[in-house]
Amino acid sequence: MRSGEQIERIRVVLCDDHPLFRRGLRNTLEIDPQIEVVAELSSGEDATERILEIEPHIVLMDINLPGKNGLRITREVTMQNSKIYIIILTAYHDKEQLFHAIRAGASAYFPKDVDPETLLNAIHKVYEGKYVVNNQVMSEQQMAAWLLKQFEEMALYGTADEDAFVPLSPREMEILTLITKGYSNKEVAHHLGISRQTVKNHMTSILRKLQVNDRTQAAVYALRHGWIRLDEIDDEDEG
């Protein structure tokens, strides 16, 4: 938490792959003389490294980014620098994703249609070390209690597996991406240079971790949570 008077400007990085949305965000933030946009990132590929280099106070982070999921970036950044605060802005607003965003280290979570005044106020609160969830400002202790309650509720419905946030290994993500593109187990094995049995073993693990029944449900889950992008599938088809 930062104490004392805010004599410095709040340095903000925008991380979203849509230029028009970033421009709207920048225009909104420039209304506030205490906020300065210091960088814009359009891909998740090297976002963690860039953010750690820039060391902003706050990052406005999309989840569905090309290259790397925004929740993974959030976790990586906050684990390495706890003084960089992340505010998630997402088009996929649901209770489960909110839970995983806060678990990942985010300090606030909003749908992308949040009104400017609410967002600006949240930036100031987060800069002060507060959390903002469902328009409620919380202390660290209150947030810990909220997380515990959410975990208990989701465990009751079988959705709070310890692996639920970033459940898949890099190899499992490779396989799930290929499955989403329509590859059979045999084709996945050939593409990755591994045995069909290894693919089957990974698929069993993927289904267990995502708590789904088949590969179609796994693919839908990955697309819905922004782990795999539709345009990546289209690019593969065009190639």
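The values are calculated or read from the model by the stated rules, or taken from the named source; none is laboratory data. Quick caveat: nothing in here was measured; it's all calculated off a predicted structure. When we count neighbours, we look across all protein chains shown, and the Cβ atoms used for this are built from the backbone with ideal geometry, even at glycine. The protein model used for the area step is the full one, side chains on, heavy atoms only, and it has no ligands, DNA or RNA in it. Shrake-Rupley method; radii C 1.70, N 1.55, O 1.52, S 1.80 Å.
Within region 30-49, the set of residues being over 21 Å from the mean Cα position of the chain (by Cα) and either within 17 Å of I88 (Cα to Cα) or surrounded by 15 or more Cβ atoms within 10 Å (Cβ to Cβ) (or both) comprises D32, I35, E36. Per the conditions (1) at pLDDT 95 or above; (2) buried (at least 19 other Cβ atoms within 10 Å of the Cβ), the sole criterion not satisfied by L52 is (2). When region 100-120 is filtered for residues that are out of contact with any Leu (no Cβ under 7 Å at 6 or more places or on another chain), open to solvent by 40 Å² or more (accessible area, probe 1.4 Å) and in a loop (DSSP other than H, G, I, E, B), the ones remaining, listed by number, are D113, D115.
Could you please let me know if Q141 is assigned to a helix (DSSP H, G or I), under 23 Å from T48 (Cα atoms), of a type in the set (S, T, N, Q) and out of contact with any helix residue (DSSP H, G or I) (no Cβ under 7 Å at 6 or more places or on another chain)?
Criteria not met by Q141.
Which number in (1) over 8 Å from the mean Cα position of the chain (by Cα); (2) charged (D, E, K, R); (3) open to solvent by 40 Å² or more (accessible area, probe 1.4 Å) marks the one condition that R72 misses? Evaluating R72 over (1) over 8 Å from the mean Cα position of the chain (by Cα); (2) charged (D, E, K, R); (3) open to solvent by 40 Å² or more (accessible area, probe 1.4 Å) leaves (1) as the failure. Only residues that are closer than 20 Å to R75 by Cα and either modelled with pLDDT under 70 or open to solvent by 100 Å² or more (accessible area, probe 1.4 Å) (or both) were counted across region 152-174, and they come to 10.
Scanning for something at pLDDT 85 or above and either small (G, A, S) or not in a helix (DSSP H, G or I) (or both), does region 195-205 turn up at least one residue? Reasoning before the result, please.
In the first step, residues of region 195-205 are kept if they are at pLDDT 85 or above; the result is 195-205.
Filter again for either small (G, A, S) or not in a helix (DSSP H, G or I) (or both), leaving 195, 205.
Yes, region 195-205 contains at least one residue that is at pLDDT 85 or above and either small (G, A, S) or not in a helix (DSSP H, G or I) (or both).
Within this structure, N64 fails the test of being farther than 16 Å from I123 by Cβ, in contact with a helix residue (DSSP H, G or I) (Cβ under 8 Å, 6 or more places away or on another chain) and without any contact (Cβ under 8 Å) to a residue 40 or more places away in the chain.
Under the condition of being assigned to a strand (DSSP E or B) and either surrounded by 13 or more Cβ atoms within 10 Å (Cβ to Cβ) or out of contact with any helix residue (DSSP H, G or I) (no Cβ under 9 Å at 6 or more places or on another chain) (or both), the residues counted in region 121-138 number 5. Go through (1) open to solvent by 40 Å² or more (accessible area, probe 1.4 Å); (2) touching a strand residue (DSSP E or B) at 6+ places or on another chain (Cβ under 8 Å) one by one and return the number of the condition S82 breaks. The failed condition is (2).
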